[in-house]
Amino acid sequence: MGETLQIILNVLRQAWGALTLFIVSAAALAMLAKTLSTVGASSIGARFMVWESLATIAAVVILVLVAFVGIPPIVRAVATSIPGAPGCGPITELGTFASGLIAAIAGVRMMLAVARTIGGAAIGGTAEVSQALIEVVEALFGMLLAGVAIPLIAMFFTGGCTQYQLPISGNSFWATPTH
Amino acid sequence: MLFAFATKVLQSVMERAVSAVFLQSGGGGGGIFGPILDQITGYARDLWGVFVGLIIIAATLGMIVAVLRGAGGMLIGGSKETTVALISVVGIVLLVVVAFVAIPQLSKMITDLQPAAPF
């Protein structure tokens with residue numbers, strides 16, 4: 001299971017690299033396109049358009065900085081924030097597998113959201129940075145489900161993992177080891 | 001005189017801008033996404049050249065317009081109009097030079113900041 005996870009993670013790492021390169025290309029082209037807009041506006045004496053173009057160039061640079069400096073620590077924090085899955089055997093392995101996979105996919109989706117945002121900013125559309133943060137919450141929720149809740153439910157219904165038992169009262173969200 | 005000088009400056013800056021950017025690197029090292037990256041980089045390189053050429057054309061036309069305005073101002077004795085036209089020419093040249101020097105540097109900075117996958 002671990003080797004399979006590593007293979008899939010490798011593919012996602014390559015996707016991450018491709019997305020970062022795409023962001024670099026898109027940002028550079030966006031800045032150059034806005035420079036063209038600035039020069040055109042300056043040629044006809046439209047000062048407002050000049051300031052608008054300069055502001056867009058600054059926005060693109062800030063977005064790239066957010067993507068390259070801000071997103072990796074968030075993904076790292078999300079990936080390490082889920083406790084080990086309860087239970088035993090294949091259920092636990094599947095939970096760990098799913099958690100790792102969800103964290104990696106969330107990282108790639110966050111980078112994709114920023115790439116879309118930079119593309120939108122380049123052509124004068126609206127920025128969607130909030131989408132990247134929504135991806136984080138979705139990933140956390142999915143990881144909680146896959147890494148903790150589903151193994152617990154599976155353990156309860158299949159009756160496996162005799163060294164664990166669900167408590168009768170108290171915190172029903174977590175299994176208590178009996179030994 | 002000023003116009004000819006400005007065009008030469010723009011030409012040399014354009015040559016530097018086209019040849020000194022991140023886009024010279026191919027998309028190697030992209031693993032299974034390598035061929036796609038190569039295509040994206042190729043398109044980006046072509047677009048970069050198109051944009052640089054368009055900027056040069058827009059700047060040249062802008063300077064011609066400014067020179068025309070300045071000449072017209074001189075013809076009717078409008079010193080302010082001539083001054084504004086001269087400032088426009090200098091402003092356009094400065095804008096293009098700053099953009100062509102700054103954007104490659106910004107692109108290099110962004111390329112250096114590229115993070116490794118955090119998972």
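The values are calculated or read from the model by the stated rules, or taken from the named source; none is laboratory data. Just so we're clear, the structure is a prediction, and the values are computed from it rather than from any experiment. All Cβ positions, glycine included, derive from the backbone under ideal geometry; neighbour counts span all protein chains shown.
Please specify each residue of the range B:30-50 satisfying the condition of being farther than 19 Å from B:S107 by Cβ and not hydrophobic (A, V, I, L, M, F, W, C).
Filtering the range B:30-50 for residues farther than 19 Å from B:S107 by Cβ gives B:31-36, B:39.
Across the range B:30-50, the qualifying residues are B:G31, B:G34, B:P35, B:Q39.
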Next item on the list: Output the qualifying pairs, or none if there are none: Cβ atoms under 7 angstrom, residues six or more apart or on different chains, first residue in the range A:1-24 and surrounded by fewer than 21 Cβ atoms within 10 Å (Cβ to Cβ) and modelled with pLDDT under 85, second residue assigned to a helix (DSSP H, G or I) and not aliphatic (A, V, I, L, M).
Entry: A:M1/A:E93; A:M1/A:F97; A:L5/A:F97; A:L5/A:G100
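Just need a number here: residues in the range A:67-76 that are at the interface with another protein chain (Cβ under 9 Å from one of its Cβ atoms), surrounded by fewer than 18 Cβ atoms within 10 Å (Cβ to Cβ) and out of contact with any Leu (no Cβ under 9 Å at 6 or more places or on another chain).
Going through the range A:67-76, the residues at the interface with another protein chain (Cβ under 9 Å from one of its Cβ atoms) turn out to be A:67-69, A:71-76.
Subset that is surrounded by fewer than 18 Cβ atoms within 10 Å (Cβ to Cβ): A:69, A:73, A:76.
When the remaining residues are screened for being out of contact with any Leu (no Cβ under 9 Å at 6 or more places or on another chain), the result is A:73, A:76.
So the answer is 2.
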Item checked: Sole exception among (1) over 10 Å from the mean Cα position of the chain (by Cα); (2) buried (at least 19 other Cβ atoms within 10 Å of the Cβ) for B:I56, by number -> (1)
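Would you confirm whether any residue within the range A:46-66 is in a helix (DSSP H, G or I), touching a Phe, Trp or Tyr at 6+ places or on another chain (Cβ under 7 Å), facing chain B (nearest Cβ under 7 Å) and within 27 Å of A:V108 (Cβ to Cβ)? Write out each step before concluding.
Here is the first cut: in the range A:46-66, the residues in a helix (DSSP H, G or I) are A:47-66.
Still in the list and also touching a Phe, Trp or Tyr at 6+ places or on another chain (Cβ under 7 Å): none.
Checking the range A:46-66: not a single residue is in a helix (DSSP H, G or I), touching a Phe, Trp or Tyr at 6+ places or on another chain (Cβ under 7 Å), facing chain B (nearest Cβ under 7 Å) and within 27 Å of A:V108 (Cβ to Cβ).
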Check: For the range B:101-119, what are the residues that are in a helix (DSSP H, G or I), at the interface with another protein chain (Cβ under 8 Å from one of its Cβ atoms) and surrounded by fewer than 20 Cβ atoms within 10 Å (Cβ to Cβ)?
Finding: B:L106, B:T111, B:L113
Note to self: I'd like to verify a number: residues in the range A:25-45 that are more than 7 Å from chain B (Cβ to nearest Cβ) and free of Cβ contacts under 8 Å to residues at least 12 places away in the same chain, how many?
What the structure shows: 2
Next item on the list: Give me the pairs, please: first residue somewhere in the range B:77-105 and modelled with pLDDT of 85 or more, second residue anywhere and not in a helix (DSSP H, G or I), beta-carbon distance under 7 Å, and either six or more positions apart or on two chains.
Entry: B:P104/B:A20; B:P104/B:V21
